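Worksheet: the structure to be examined is printed underneath.
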Amino acid sequence: MSDTATTAELDSTLERYRVELTGYCYRMLGSSFEAEDAVQDTMIRAWRSFEKFEGRSSLRSWLYRIATNVCLDMLTAGNKRARPMDLTESTPLARAALSPRPDSTWLEPMPDARVLPTTDDPAEAAVAKESVRLAFMAALQQLPSRQRAVLILREVLAWKASEVAELLGTSVASVNSALQRARATLAERRQPGADASVSDPLDEEQQKLLERYVAAFEGYDMSALTALLHEDAVMTMPPFDLWLTGADDITGFMTTLGAPCAGSRLVPVQVNGLPGFAQYKPDPEAGGFTPWAVQVLEISDDRITGFHCFLDTRRWFPLFGLPLHLEAEPDQVEQGA
């Protein structure tokens, strides 16, 4: 077999693990782009050292060991991605101010297709989706990096304690202790949005809720939107650290500082295991619509409990495979990846 054929086969073999490794690194790092960089680094390291792979563990385990080391190295600075509610108190509308923080501050959104491998097991698929939802991701960021790795490997990926111990070069007792501490931390620091319950696929009531949401938002009908929001609904807008609580403040913001969003169009996206939309607002200069936000919706008891708008569209829209301009006929645009 030629070297070219061998190289192509190795590339193909490693590529089969890209999506699940991206999901793992994303849970570890909380950043879409850092996760993809970490996986690329993992692939390069694996490719360069493949001749030294002796098969004492499975190829999958070997790749996860490399990815874990890459992520732990990236986390040595102690950076913890966050949501606005992790950093500040809720701001009343009367004091609302848009104060941005650096990109490295924020937990970032991620398209489902990049982190959720295809599976025929409904239970496995449900766990995978729940483990990339914003509330769970934010909770993971509260854990020390090795505890984070243990929790993901044991609770999300269902590895045995002995397998995790071998990967981390530690004992089974140490793994079990780290898992116990991680569980205790998550229980103690329950995140807003942790009660979100979204069926997979969406049930009929949830689908109707989303249809009503689209109609209310595109029509900028605040009365209709209020009827869909839970009384304790939360709205966030990274990179701004402002966050709002309750329908009155949310709709009040939308009709004041957010008024330019009137007349927007929404394109469905699958993001962080939750329903979401790419929001395009009217472009008065070029005509049509210009990207404004990737919206992620949390739902509980047939009401919207979380309304999270990620505004750095020059980064997010290409990640989701979305165009950077919509013509006036939005129905011609295909759904984002």
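The values are calculated or read from the model by the stated rules, or taken from the named source; none is laboratory data. In this text the structure is predicted, and so the values were computed from the model without any measurement. Positions of Cβ are generated from backbone atoms using ideal geometry, with glycine treated the same way; all protein chains shown enter the neighbour counts. All accessible areas refer to the heavy atoms of the entire protein, side chains included, with ligands and DNA or RNA removed. Shrake-Rupley method; radii C 1.70, N 1.55, O 1.52, S 1.80 Å.
Values computed for the structure shown
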{"quantity": "Fluctuation leader among Gly219, Gly169, Gly321 - the chain, Gaussian network, Cα springs under 10 angstrom", "calculated": "Gly169"}
{"quantity": "For the range 279-289, Karplus couplings with θ = phi - 60° (6.51, -1.76, 1.60), whole Hz, Gly/Pro x", "calculated": "9, 10, 9, x, 9, x, 8, 9, x, x, 9"}
{"quantity": "For Gly273, distant residues with modelled amide H under 5 Å away", "calculated": "Asp112"}
{"quantity": "Average accessible area per residue (Å²) across the range 210-337 - probe 1.4 Å, nucleic acids and ligands excluded", "calculated": "40"}
{"quantity": "5 angstrom amide H check on Leu229, placed H, neighbours 5+ away", "calculated": "Ile304"}
{"quantity": "Normalised alpha carbon radius of gyration of the range 201-315 [divisor 2.2 N^0.38 Å]", "calculated": "1.00"}
{"quantity": "Rg/Rh ratio calculated on Cα atoms of the range 129-173 (Kirkwood radius)", "calculated": "1.01"}
{"quantity": "Selection of trypsin sites (Lys or Arg not before Pro), the range 16-77, meeting DSSP coil and at most 14 other Cβ within 10 Å", "calculated": "Arg16, Arg56"}
{"quantity": "Folded to 0 to 90 degrees: helix 32-48 orientation relative to the chain principal axis, Cα", "calculated": "20"}
{"quantity": "Choice from Lys281, Lys129, Lys160 showing the highest fluctuation, given a GNM over the chain with Cα pairs closer than 10 Å", "calculated": "Lys160"}
{"quantity": "3J(HN,Hα) from dihedral phi, the range 297-307, Karplus parametrisation 6.51/-1.76/1.60, rounded to Hz, x for glycine, proline", "calculated": "10, 9, 10, 8, 6, 6, 9, 7, 9, x, 9"}
{"quantity": "Computed [θ] at 222 nm, helices only, for the chain once each DSSP H run of length n ≥ 4 contributes -39500 (n - 2.57)", "calculated": "-13000 deg cm²/dmol"}
